[in-house]
1. Does residue 224 count as modelled with pLDDT under 95 and over 15 Å from residue 192 (Cα atoms)?
2. Could you list, in sequence order, the residues of the stretch 51-80 that are in a loop (DSSP other than H, G, I, E, B), open to solvent by less than 20 Å² (accessible area, probe 1.4 Å) and of a type in the set (A, V, I, L, M, F, W, C)?
3. As an exercise: evaluate residue 129 against (1) more than 22 Å from the chain's Cα centre (by Cα); (2) under 27 Å from residue 192 (Cβ atoms); (3) not hydrophobic (A, V, I, L, M, F, W, C) and give the number of the one condition it does not meet.
4. Does residue 269 meet the test of being more than 16 Å from residue 185 (Cα to Cα), touching a residue at least 24 places away in the same chain (Cβ under 8 Å) and among the small types (Gly, Ala, Ser)?
5. Quick one: in the stretch 285-305, which of the residues that are in a loop (DSSP other than H, G, I, E, B) and loosely packed, with under 15 Cβ neighbours inside 10 Å is modelled with the lowest pLDDT?
6. Based on what the data block shows, is residue 201 under 26 Å from residue 74 (Cα atoms), without any contact (Cβ under 8 Å) to a residue 12 or more places away in the chain and under 27 Å from the mean Cα position of the chain (by Cα)?
7. Identify all residues within the stretch 215-244 that are in contact with a Phe, Trp or Tyr (Cβ under 7 Å, 6 or more places away or on another chain), farther than 16 Å from residue 173 by Cβ and assigned to a strand (DSSP E or B); write none if there are none.
Amino acid sequence: MSVNSSGAMSFLQSLLPSAEQQEAAADLAREMCDPDEPAGQIQFSLEYNFNSSTLILKVIQAKGLPAKDIIGTSDPYVRVFLLPDKKHKLETKVKHRTLNPRWNETFYFEGYPLSKLQKSILYLSIFDYDRFSRDDPIGDVYLPLTDVDLSEKPCYWKCIRPAEDSKLGEILVTLLYIPRTGELSITLVKARNLKAKDITGYSDPYVKVWLHRGDKRIEKKKTRVHKKTLDPVFNETFRFVVPWEHIRETSFVITVMDYDTVGRNEVIGKVVLSSRSGPTETKHWGDMLSKPRIPGSQWHRLKSF
């Protein structure tokens, strides 16, 4: 890393004066250290035009990205920010079906005097494009510009810090509701990139589904166990009876578990589907209600809550 931790801390603390923001600065300083298990590497270069006060960033390529698609590849692109400004966002093009993309795209940040740049952080966020659901975060890179000698036109290879929730994996779920009969069906299709829980580097995953009404657990179902895999295919459908008058207070709590013959089974990650969940989960639930009798499928990222 081009700046030491104390330098990064003092720099970030000067940017973020409140107590709450000081804590955020400490978290950010830790994130700027090289990760133990990077999600690949990214190459980029910097140049500064002193006459026009323009920072020139070239996003060159990445290598060793994790596979986010079931076919074993990803569709990566990069979002670029100069923090603390989060409104001015730039993006590369999507490179399809590759774990070693080459972008060779140049971005210009105009009207940035050197004094302003020295208080800025270059933030690169790498995503996997998804046609059918929210794009998946792959990871990110932070580079404080306080100690970067822009006259040298530096070029970097930086390790990508993995996105936190992306480490747990994802699950593909199909929902179907028939208002006339009150039949609510959930199909657990498959999961991908699950977190390894066993010493072999695999897990023995299965899925538990709880139907909730408000805070009350109503009924539980579970799939069979799939041995030694991080990409299980379940294809199991469970049907529940939920009258229309109760549908708004109903939710599914989906828990992906790792089966253990000796110790206690471990939680890999969870998803809550309801009308009051996160943006992606709420959209899926809303689509189910707005398009009754039509099955709707969506990938959901597992979370640790």
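1. Spelling it out, it is not the case that residue 224 is modelled with pLDDT under 95 and over 15 Å from residue 192 (Cα atoms).
2. Selection gives 65 alone.
3. With respect to (1) more than 22 Å from the chain's Cα centre (by Cα); (2) under 27 Å from residue 192 (Cβ atoms); (3) not hydrophobic (A, V, I, L, M, F, W, C), residue 129 is out only on (1).
4. So residue 269 fits the description; yes.
5. 305
6. Against the criterion (under 26 Å from residue 74 (Cα atoms), without any contact (Cβ under 8 Å) to a residue 12 or more places away in the chain and under 27 Å from the mean Cα position of the chain (by Cα)), residue 201 qualifies.
7. Those that are in contact with a Phe, Trp or Tyr (Cβ under 7 Å, 6 or more places away or on another chain), farther than 16 Å from residue 173 by Cβ and assigned to a strand (DSSP E or B): 217, 219, 220.
One line per residue, one yes/no per condition, for (1) open to solvent by 30 Å² or more (accessible area, probe 1.4 Å); (2) touching a His at 6+ places or on another chain (Cβ under 9 Å); (3) in a loop (DSSP other than H, G, I, E, B); (4) farther than 30 Å from residue 284 by Cβ:
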site: 100; (1), (2), (3), (4): yes, no, yes, yes
site: 105; (1), (2), (3), (4): yes, no, no, yes
site: 122; (1), (2), (3), (4): no, no, no, yes
site: 126; (1), (2), (3), (4): no, no, no, no
site: 177; (1), (2), (3), (4): no, no, no, no
site: 186; (1), (2), (3), (4): no, no, no, no
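The values are calculated or read from the model by the stated rules, or taken from the named source; none is laboratory data. It should be emphasised that the depicted structure is a prediction, and the values quoted were computed from it without experimental measurement. Methodologically, a virtual Cβ is constructed for each residue, glycine included, from the backbone with ideal geometry; neighbour enumeration extends over all protein chains shown. Side chains are part of the model used for accessible areas, which takes the heavy atoms of the whole protein and leaves out ligands, DNA and RNA. Shrake-Rupley method; radii C 1.70, N 1.55, O 1.52, S 1.80 Å.
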